[in-house]
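Student: Once you've had a glance at the structure underneath, I'll fire off some questions.
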Amino acid sequence: MTRPFLSIRAVRKTFGAFVAVHDVTIDVPKGEFLTFLGPSGSGKSTTLYAIAGFQDPTSGDVLLEDKSLLAVPSHKRNIGMVFQRYTLFPHLSVAENVAFPLRVRRRPDGEVKRKVADMLALVRLEKFADRYPGALSGGQQQRVALARALAYDPPILLMDEPLSALDKKLRQEIQAEIRRIHRETGVTILYVTHDQEEALHLSDRIALFKEGRIEQIGTGEDLYLRPASEFVAGFIGNSNFLPAEHLETESGAATVRLADGSIVKGVKATHALSRGQTARLMVRPEAFRLTPVSGNASLAVEIVDTAFFGDRRRVVARTGSGDEIDVRPSSDAAEPAGADAAASRRIFFDPAQAFLFPA
Amino acid sequence: MLLDYDRLGWLRAVLAAFTALVAAFLLLPVVFIILLSFGSSRWLAFPPTGWTLKWYQELLADPAWINAALTSAKIAAMAAILSVLVGLLASFSLVRGEFPGRQLLRGLLLTPMVLPVVVFAIAVYAFFLRIGLAGTTIGFVIAHTILALPFAIIPIATALEGFDKSIEDAAIVCGASPLQARLRITLPSIRIGIFSAAIFSFLASWDEVVVAIFMASPTLQTLPVKIWGSLRADLSPVVAAASSLLVGLTLCLMIVTALLRRRSSR
Ligand SMILES: Nc1ncnc2c1ncn2[C@@H]1O[C@H](COP(=O)(O)OP(=O)(O)O)[C@@H](O)[C@H]1O
Ligand SMILES: [Mg+2]
């Protein structure tokens, strides 16, 4: 097996008795865009800071091309970083900000000038070279911060929720910029966010954090289509969870009984469950249909509300046992509107797109 | 809120009148002195019967006054430099430090502001007598530095609190050593606070009289001490001229500080 480029090995960080990061281990190949996703307080930043050198891990190691970084002070790690807060140097112009890392490295003037121009072109802010940070919008400031972090060609770029202070539209614009810059520079990026859409949009792989541990690591598709736990299923995308009783499992396909007594065969079981064990059946909103296809399971519901969203409809349904279900069938001809509020009807889903988790 | 200015209604007029009264009460003596310094009467008669600049000419012709002014300026400048340097170090540990007793240290460093000056003056004098610093320029500067320190710490610590430490961290990941990051990024970012600290410290020493009387010697006299001495010897309008100059410089420095703060907050 080829050696990993960046290797995070059993990194653990405690604050007093509180364990913020539990033995996190990740190998990152060169050029990968890896995102740490997870709720606030799950240890993403702390792990990132251990790599940047702002936090010394309590135990574990961080290796870059087989050499431990831990003994190297932050300013000698040669790592790029973009922070959640705006961190441009307020008394320096945009060009001087980008030049700063090159100046402290005592690069010759000509090279500094050339590099600054390249970097500002990369983030498309050439025209702003002489502005001061106070005269830039939040999005522009973060792009300058990105240019500054890449000016010295760091092997790794760390980004800690760099877009969280921006509004949604701007966020999407800059996400596209970040993707392009990743493609053009090939730099290895570790990106922290609590926004699952952002993670899905940007990443090659996502490490989903929960309470200081990695709950699952894989591509966005892995996490979305093959969630390893109820937490993952709940965090990535929208999910409905129905109470169910596990009856039996045969080679990964389980049979369950739902609250209304109906039996559903062939749902995906990721965990070993015993007979009669209470469980939760997860079905994505878009996996539900209003018209049956052969082999589908069905659910008797009452329609609470319906709305039209162009490509999709959104239907809120309630089961006989009172669970609300979010249903988002596509709005094409195969899925006729016929779902009036207060009407009783059946909705359908493919068991192979339903996941069973222990309750 | 109960004391929301916008909701005070007619009370606003009362408040304005009261404020004007207090300001007048504080400022009138100063205005009085300045007017007297231009009055032609030898006996400080008010209102002045005629106007003249001769007291200023007399003042500037007297080497004793010039010396006192230079001594004041020298001591105030040294006290300001020292107080800013110590204030910087103290502010960093007060704002950034996470050691027990931080609040205590903060209180301690700010006590010169609330301690009765006479008590401080006598204590320092007694101590300096013992260690041989009484009547020396160094002793004078040290005493004034201690007095000025709160006026340095408050603006610097405030500026530092308002400065996001992530910016310094960013400089460090960029390759600057922690010291470089502070010198090249943090200090320039809080320069208005540092400048205010220097001016306030300078002024704290420049117009200080109580400690100065204890620290003074016949050859080491600051302007306020000389004014004080002259007042008791003979009440001449030259003293009013000296006081006016003292006030003048103070005013200039305050205005410069205010302008700078205004410009940087825009
Ligand atoms: N310096 C610190 N002292 C004490 N607790 C901390 C410190 N830094 C982080 N923590 C705690 O560690 C946990 C993880 O924090 P963090 O890594 O910042 O989470 P995230 O970035 O995922 O939101 C949080 O519960 C936080 O309160
Ligand atoms: Mg964080």
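Student: Taking the criterion of being over 22 Å from the mean Cα position of the chain (by Cα), closer than 25 Å to residue A:103 by Cα and not in a helix (DSSP H, G or I), would at least one residue in the range B:183-203 satisfy it?
Tutor: no
Student: Among (1) modelled with pLDDT of 95 or more; (2) within 14 Å of chain B (Cβ to nearest Cβ), there is one condition residue A:135 misses while meeting the rest; what is its number?
Tutor: Looking at each condition in turn, residue A:135 falls short on (1).
Each row is one residue, and each column tells you yes or no for (1) at pLDDT 95 or above; (2) open to solvent by 10 Å² or more (accessible area, probe 1.4 Å); (3) more than 10 Å from every other protein chain (Cβ to nearest Cβ).
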{"position": "B:129", "(1), (2), (3)": "no, yes, yes"}
{"position": "B:145", "(1), (2), (3)": "yes, yes, yes"}
{"position": "B:177", "(1), (2), (3)": "yes, yes, no"}
{"position": "B:186", "(1), (2), (3)": "yes, no, no"}
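Student: Do any strands (runs of 3 or more DSSP E) entirely within the range A:1-118 hold 3 or more residues that are away from ligand 2 (no atom under 16 Å from the Cβ), and if so, which? Talk me through it step by step, then tell me what you get.
Tutor: Details: elements: A:6-15, A:18-28, A:33-37, A:59-64, A:80-82.
It comes to A:6-15, A:18-28, A:59-64.
Student: Would you please name the residue that is surrounded by the most Cβ atoms within 10 Å (Cβ to Cβ), looking only at residues in the range B:29-78 that are without any contact (Cβ under 8 Å) to a residue 24 or more places away in the chain and among the small types (Gly, Ala, Ser)?
Tutor: Once the filter is applied, the top-ranked residue is B:40.
Student: Limited to the range A:51-71, what total is found for residues that are within 14 Å of another protein chain (Cβ to nearest Cβ), without any contact (Cβ under 8 Å) to a residue 40 or more places away in the chain and within 16 Å of ligand 1 (Cβ to nearest atom)?
Tutor: Step one: of the range A:51-71, the residues within 14 Å of another protein chain (Cβ to nearest Cβ) are A:51-55, A:69.
Now narrow it down to the ones that are without any contact (Cβ under 8 Å) to a residue 40 or more places away in the chain: A:53-54, A:69.
This time we only want the ones that are within 16 Å of ligand 1 (Cβ to nearest atom), so: A:53-54.
Total satisfying the criteria: 2.
Student: For the range A:1-21, give me each residue that is crowded, with 16+ Cβ neighbours inside 10 Å and within 16 Å of ligand 1 (Cβ to nearest atom).
Tutor: To start, the set of residues in the range A:1-21 that are crowded, with 16+ Cβ neighbours inside 10 Å comprises A:4-9, A:11-13, A:19-21.
Within the range A:1-21, A:8, A:11, A:12, A:13, A:19, A:20, A:21 meet the criteria.
Student: Only one residue in B:170, B:157, B:181 is away from chain A (no Cβ under 14 Å) and among the aliphatic types (A, V, I, L, M). Which one? Explain how you work it out, then say what you get.
Tutor: Values: B:170 fails: away from chain A (no Cβ under 14 Å); B:181 fails: away from chain A (no Cβ under 14 Å).
Result: B:157 is the single residue among B:170, B:157, B:181 that is away from chain A (no Cβ under 14 Å) and among the aliphatic types (A, V, I, L, M).
Student: Of the numbered conditions (1) open to solvent by 70 Å² or more (accessible area, probe 1.4 Å); (2) modelled with pLDDT of 85 or more, residue A:293 fails exactly one; give the number of that condition.
Tutor: For residue A:293, the exception is condition (2).
Student: If residue A:254 passes every condition in (1) assigned by TED's automatic domain parsing to the domain that holds residue A:41; (2) in contact (Cβ under 8 Å) with a residue 40 or more places away in the chain; (3) farther than 12 Å from residue A:38 by Cα but one, which one does it miss?
Tutor: (1)
Student: Within 12 Å of ligand 1 (Cβ to nearest atom), without any contact (Cβ under 8 Å) to a residue 24 or more places away in the chain and under 26 Å from the mean Cα position of the chain (by Cα) - does that describe any residue in the range A:25-38?
Tutor: So far as the range A:25-38 goes, no, none of its residues is within 12 Å of ligand 1 (Cβ to nearest atom), without any contact (Cβ under 8 Å) to a residue 24 or more places away in the chain and under 26 Å from the mean Cα position of the chain (by Cα).
Student: Of the conditions (1) touching a His at 6+ places or on another chain (Cβ under 9 Å); (2) assigned to a helix (DSSP H, G or I), residue B:208 fails just one. Which one is it?
Tutor: The failed condition is (2).
Student: Take the residues in the range A:155-169 that are in a loop (DSSP other than H, G, I, E, B) and surrounded by fewer than 21 Cβ atoms within 10 Å (Cβ to Cβ), then tell me which one is nearest to ligand 1 (Cβ to nearest atom).
Tutor: Quick first cut of the range A:155-169, residues in a loop (DSSP other than H, G, I, E, B) only: A:155, A:161-167.
Applying the additional criterion that residues be surrounded by fewer than 21 Cβ atoms within 10 Å (Cβ to Cβ) yields A:155, A:164-167.
Working: A:155: 23, A:164: 10, A:165: 15, A:166: 18, A:167: 21 Å.
So the residue we want is A:164.
Student: While we're on this one: Return the residues of the range A:158-196 that are aliphatic (A, V, I, L, M) and under 15 Å from residue A:44 (Cα atoms); say none if nothing qualifies.
Tutor: From the range A:158-196, those aliphatic (A, V, I, L, M) are A:158-159, A:163, A:165-166, A:170, A:174, A:176, A:178, A:181, A:187, A:189-190, A:192; that's our starting set.
Once the filter is applied, which keeps residues that are aliphatic (A, V, I, L, M) and under 15 Å from residue A:44 (Cα atoms), the range A:158-196 yields A:158, A:159, A:189, A:190, A:192.
Student: Looking at (1) more than 30 Å from residue A:76 (Cβ to Cβ); (2) not in a helix (DSSP H, G or I), can you tell me which one residue B:163 breaks?
Tutor: (1)
Student: Now a separate question. Inside the range A:72-82, can you point out the residues that are in contact (Cβ under 8 Å) with a residue 40 or more places away in the chain and either within 11 Å of residue A:141 (Cα to Cα) or surrounded by fewer than 22 Cβ atoms within 10 Å (Cβ to Cβ) (or both)?
Tutor: Of all residues in the range A:72-82, those in contact (Cβ under 8 Å) with a residue 40 or more places away in the chain come to A:78-82.
Within the range A:72-82, A:78, A:82 qualify.
Student: Which fully enclosed strands (runs of 3 or more DSSP E) of the range A:173-282 have 2 or more residues being basic (Lys, Arg) and farther than 22 Å from residue A:49 by Cα?
Tutor: A:263-269
Student: Of B:135, B:101, B:162, which residue is open to solvent by 20 Å² or more (accessible area, probe 1.4 Å), assigned by TED's automatic domain parsing to the domain that holds residue B:71 and in contact with a Leu (Cβ under 7 Å, 6 or more places away or on another chain)?
Tutor: On the way: B:101 fails: in contact with a Leu (Cβ under 7 Å, 6 or more places away or on another chain); B:162 fails: in contact with a Leu (Cβ under 7 Å, 6 or more places away or on another chain).
From the options B:135, B:101, B:162, the qualifying one is B:135.
The values are calculated or read from the model by the stated rules, or taken from the named source; none is laboratory data. Please read these numbers as outputs of a predicted model, since none were measured by experiment. Using ideal geometry, Cβ is built from the backbone for each residue, glycine included, and neighbour counts are taken over all protein chains shown. Quick note on the areas: whole protein, heavy atoms, side chains included, nothing else; ligands and nucleic acids left out. Shrake-Rupley method; radii C 1.70, N 1.55, O 1.52, S 1.80 Å.
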